[in-house]
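For reference, the structure is listed below as structure tokens.
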Amino acid sequence: TTDTGIALVERDEEGVDKAFRKDVLAGLGQAPKAIPARWFYDEEGSRLFERITQVGEYYPTRAETEILGSRGGDFAELIGPGRAVVEFGSGSSVKTPLLLEAIDPAAYVPLDISGDFLRESAAALGAKFPGLPVHPVEADFMRRVSLPDAVAALPKLGFFPGSTIGNMVPRTAVDLLRSMRATLGADEGASPLLLIGMDLVKDSGVLESAYDDAEGVTAAFNMNLLTRINRELAGTIPADAFAHEARWNDDLARIEMHLVATRDVAFEVSGERFTMQRGETIHTENSHKFTPRTASLLLLAGGWTPLERWTDAKDQFSVLLARA
Ligand code: AVI
């Protein structure tokens, strides 16, 4: 799997992230080779991802921001004031303020595995909305999370922008949607809502450019995984023997990112030896794209009933509101 998943960091005596080593060794040892996309996001990877969101070809961030910025009236009407907004992943970006401004929430609860991101985004949001109680929770939201007592009695709105759900294979995406229901109290009889961003199927040329921009930022983001492996896992992977590739897999409706060996190579990682033939790839990411029907089906499979759906003016990206 190349899923974006998260787990609390456990290190060995040498400070090596054990899960990273396990995933990389297992992923390089299997055929075809694949490493989970979550390992892109070291400091450099996170910085490169921020740059991706600004390149011309990468439309999702702009399109989703357009939707959130232009549908405030609808959000106010359908969601209403007084909810605790629980954001899955830290929202220091421009997107979260757009939602908070529109619906006048009673509290904001950012959930993130990374305490650093969490504190930064909580502080930024707190400064922007001085009267709003902010309760950051450091947690792995792939599992059910206990929310702070302070928001126990409030109705909840889950917020999961960015089409991050698309980085998961359907089975994992459904598990996450079900965990979100549990985190938001649906199993205790509450009626939470979920506002979620889901990218749309479109012309494969547009999609492939979005994941292979002319400036090479996405290529650098993909290649940075090799740099990270070499640095953190005593790797000897020759970066000059690999090239970035973004391919549209039409059967599975997803963009796949691969690192393609441009010649036969042999290298070591954590003392283990691997060989690759020219043309063989390491599959590093899936980014699933949806149609209105597949988006609805996925939500339904995860225990959520779609209520409303919005797209940007160019019909590139969708934001859906669902109830548990
Ligand atoms: C984080 N995620 C939604 C991005 C996406 O579009 O799948 C990650 C990304 N990978 C390459 N470009 C952006």
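No lab work stands behind these numbers, since they all come straight from the coordinates. Everything numeric here is computed off the predicted structure, so don't read it as measured data. Every residue, glycine as well, gets a Cβ built from its backbone with ideal geometry; the counts of neighbours run over all protein chains shown.
Structure summary
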item: Partners for K156 among lysines (Cα-Cα distance below 30 Å; same-chain residues under 8 apart left out); result: K95, K128, K289
item: Relative contact order (percent, whole number), segment 60-131, Cα cutoff 8 Å, 6+ residue spacing; result: 34
item: Cα long-axis angle, helix 115-128 against the chain (0 to 90 degrees, to the nearest 10); result: 40
item: Bridge type composition, the chain - antiparallel percent by DSSP, nearest 5; result: 65
item: Nearest-20 debye value, the chain charge dipole, Cβ charges on Lys, Arg, Asp, Glu; result: 660
item: Net charge over other residues, Cβ less than 11 angstrom from the Cβ of E280 (K, R count +1; D, E count -1); result: +2
item: Cα gyration tensor, segment 42-127 - rounded (a/c under 1.5), prolate or oblate; result: oblate
item: Length-normalised contact order of segment 106-200 in % [C-alpha pairs under 8 Å, at least 6 apart]; result: 28
item: Charge dipole (the chain, unit charges on Cβ, about Cα centre) - positive-most of H288, L176, G271; result: L176
item: Full-extension gain in nm, T294 to E120, via 0.36 nm per residue minus C-alpha separation; result: 59.2 nm
item: Lysines with Cα under 21 Å of K18, excluding same-chain neighbours fewer than 8 positions away; result: K33
item: Burial order of peptide ranges 155-165, 106-116 (average beta-carbon count within 10 Å, highest first); result: 155-165, 106-116
item: Sum of -39500 (n - 2.57) over DSSP H runs of 4+, divided by residues of the chain (222 nm, nearest 500); result: -10500 deg cm²/dmol
item: Pairwise centroid distance, computed over Cα atoms, of segment 120-193 with segment 31-84, Å; result: 15
item: Cut-off under 5 Å, modelled amide H: who pairs with V201 long-range; result: F290, T291
item: Karplus 3J(HN,Hα) series, Hz, for segment 282-297 with 6.51 cos²θ - 1.76 cosθ + 1.60 (x for Gly, Pro); result: 9, 7, 10, 7, 10, 10, 6, 10, 10, 9, x, 5, 5, 4, 4, 4
item: Helix 43-52 axis, angle to the chain major axis (alpha carbon atoms, nearest 10°); result: 70
item: The chain: relative contact order in percent, alpha carbon pairs under 8 Å with at least 6 residues between; result: 21
item: Inter-label distance for A301 and D187, nm, one decimal - labels placed 7 Å from Cα along Cα-to-Cβ; result: 2.1
item: Computed label-point distance, nm, for sites T236 and E77 using a 7 Å Cα→Cβ extension; result: 6.6
item: Given charges at Cβ of Lys, Arg, Asp, Glu: the chain dipole, positive-most of V151, P306, H135; result: P306
item: Between helix 217-232 and the chain: long-axis angle, C-alpha atoms, 0 to 90°, nearest 10; result: 70
item: Highest to lowest packing among 254-262, 233-241, scored as the average C-beta count within 10 Å; result: 254-262, 233-241
